[in-house]
Amino acid sequence: MIYLDHHSTTPCDPLVVQAMLPWLTESFGNPHSSHAAGREAAEAINRSLDTIATCLGVPASSLVITSGATEANNLAIRGTCLHPRQKRRHIITAATEHPAVLDVVSDLGKQGFRISVLPVDSLGHIDLNQLADSIDDDTAIVSIMWANNEIGTVAPIKAIAKICHDQGTILHSDATQTLGRMPINVQDSDVDLVSFSAHKCYGPKGTGILVAGNGNRRVRLRPQIVGGGQQNQLRSGTMAPASIVAMATAVSGATTDVSDQAGRLNQLRDSLWFGLLDQIDGLTLHGPALDSADRLAGNLNFSVPLIEGEAWMAATPEVAFSTGSACSDVSDKPSHVLSAIGLSESAARQSVRFGIGRTNTPDEIQRAIELLAKSHARVSAAR
Ligand code: PMP
C-alpha cells in the first residue's frame, strides 16, 4: 500500500517508539507519586515539556497535555467561554474550521453564546477587514485554524492575532496540521491558545497539546476534566510519561530542519500533481496555488471530472488517499470546506485529498500516478 493520507494520520516514527518504550515497561512509575519511581517519571515529563516548549517557542508552564487536538480545542474554547469570570458571550470562527472547533462553537451557541462564522474566499482565506469588523466588546474568543486540513490554506496568523489583540480579544488557533510542514513559533506569532496533535507529526494517537498562554498575555481557562487536580488543575488525570516522551520526540523531529522537510514534501507533491495532470484530463486544483507560501507543504486537493472521489478510491486499493473531509469519514455529506470555497455538491463529491509524508519516496509517487491513472480510466469507461 502506498500511503498518501498523512493529513489524516502519520505512522509513529521508530525513534518515537524507541523513546517511549522504557516508560511503559521498566520505568512505569506514577509521575505524581513522591517515591523514586514516581520522581523518575516526573523528571521525564518535565524534560519532555521543556523540549516541546523550546520547539514551539513557548514557556513550558503554558503546556497542557491532552488526549489530542479535539480535546485541546474543547479546552481552549469551552475553557475560555465557560470560565466563571468570563462576561463576554460572543465567539468568532470560520466556515472552514475542523468539526473539533465548529461543533464546540455550535454547542456553545446552544448554551446562549452568540456565534459569528466568517465566510472564506475561493482559496480558503477569511477577510481580515471582516474579522476586525466582527469583533466587539462582547467577543470572548476568536478561533481561526493555522492551516487547513483539506485544502492546505495557511492563515496569516500573526496578522490575525494582532487584529484580535488590538480589539481586546484573544485568539485560539488549531495548528494540528502544521508540525513538520512549516516553521512554528507560537510566541512570535502571538497566538494565545494553540492546539496540536501527536499523531499528525509521527507520534502516537491519543496525545495532544494545548498551549495555554504564550507568555505575552494571561489566559483564563475553566478545566473541562476535573479530578485529582493534575496539570495546575487544568486537566486532571494521571499524566502519561510514555505518551509525553513520545510527543516530545515527535515534536522535536517535526521541528528540526522543517524548511528542508517541507521542501521535500512539496517536491513529491508537485510530481504527483504534474504526473496526474499528464495522464488525466480536466483536473481542477482546490486551495492556494502549489507554489504559494499560503499552501501547506505536501497537501494536494483537486477534483476529477466524471467520477466521484469515492469510486476512484474504491478502484485504487493500492493507494491510500481520501475524499471530502476524511479525517473522520463518518458522514457521506460533501465536505463543508469545499462548499465554503464555493464548490457545488457534485464538484465536492469529485474531490480527493492527498497528503504526502516524510517516508514517501519518488518511486512510490511514480507508482501511485500509474495506478491512479489506470483506475481513473477504468472507472470513467465503466460509467
Ligand atoms: N483539527 C484538525 C485541523 C485536524 O486535522 C484534526 C484531525 N483530523 C483534529 C483537529 C483532531 O485531532 P485529534 O485526532 O488529535 O483529536
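Some notes on this structure:
- Only one entry in 290, 285, 296 is open to solvent by less than 40 Å² (accessible area, probe 1.4 Å), free of Cβ contacts under 8 Å to residues at least 40 places away in the same chain and at negative phi, namely 290.
- Test: residue in segment 15-36 that is open to solvent by less than 10 Å² (accessible area, probe 1.4 Å) and within 20 Å of the chain's Cα centre (by Cα): yes
- Taking the criterion of being outside any helix (DSSP H, G or I), open to solvent by less than 30 Å² (accessible area, probe 1.4 Å) and over 16 Å from residue 299 (Cα atoms), the only residue of segment 336-383 that qualifies is 341.
- Checking each residue in segment 125-134 for being open to solvent by less than 50 Å² (accessible area, probe 1.4 Å) and assigned to a loop (DSSP other than H, G, I, E, B) picks out 125, 126.
- Listed by position, the helices (runs of 4 or more DSSP H) contained in segment 238-315 that have at least 2 residues being charged (D, E, K, R) and over 30 Å from residue 46 (Cβ atoms) are 258-279.
Residues checked against (1) part of a loop (DSSP other than H, G, I, E, B); (2) free of Cβ contacts under 8 Å to residues at least 24 places away in the same chain; (3) open to solvent by less than 10 Å² (accessible area, probe 1.4 Å); (4) away from the ligand (no atom under 16 Å from the Cβ):
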{"residue": "136", "(1), (2), (3), (4)": "yes, no, no, yes"}
{"residue": "145", "(1), (2), (3), (4)": "yes, no, no, no"}
{"residue": "150", "(1), (2), (3), (4)": "yes, no, yes, no"}
{"residue": "162", "(1), (2), (3), (4)": "no, no, no, yes"}
{"residue": "183", "(1), (2), (3), (4)": "yes, no, no, yes"}
{"residue": "195", "(1), (2), (3), (4)": "no, no, yes, no"}
{"residue": "206", "(1), (2), (3), (4)": "yes, no, no, no"}
{"residue": "216", "(1), (2), (3), (4)": "yes, no, no, yes"}
{"residue": "226", "(1), (2), (3), (4)": "yes, yes, no, yes"}
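- Given (1) in contact with a helix residue (DSSP H, G or I) (Cβ under 7 Å, 6 or more places away or on another chain); (2) assigned to a helix (DSSP H, G or I); (3) not polar (S, T, N, Q), number of the condition residue 31 does not satisfy: (2)
- Segment 164-180, residues that are assigned to a loop (DSSP other than H, G, I, E, B), more than 11 Å from the ligand (Cβ to nearest atom) and touching a strand residue (DSSP E or B) at 6+ places or on another chain (Cβ under 7 Å): 169, 179
- Scope segment 87-124; condition within 16 Å of the ligand (Cβ to nearest atom), open to solvent by less than 40 Å² (accessible area, probe 1.4 Å), assigned to a loop (DSSP other than H, G, I, E, B) and at negative phi; matching residues: 95, 96, 97, 120
- Filtering segment 51-86 to residues that are surrounded by fewer than 20 Cβ atoms within 10 Å (Cβ to Cβ), more than 12 Å from the ligand (Cβ to nearest atom) and either within 15 Å of the chain's Cα centre (by Cα) or closer than 15 Å to residue 231 by Cα (or both) leaves 59, 60, 61.
- Of all residues in segment 243-282, those satisfying the criterion of being under 22 Å from the mean Cα position of the chain (by Cα) and among the aliphatic types (A, V, I, L, M) are 244, 245, 246, 247, 248, 250, 251, 254, 258, 262, 265, 268.
The values are calculated or read from the model by the stated rules, or taken from the named source; none is laboratory data. From a predicted model like this one, the values you see are computed outputs, not experimental measurements. Please note: Cβ atoms are built from the backbone with ideal geometry, for glycine as well, and neighbour counts cover all protein chains shown. Note: accessible area is taken over every heavy atom of the protein model, side chains too, but ligands, DNA and RNA are not part of it. Shrake-Rupley method; radii C 1.70, N 1.55, O 1.52, S 1.80 Å.
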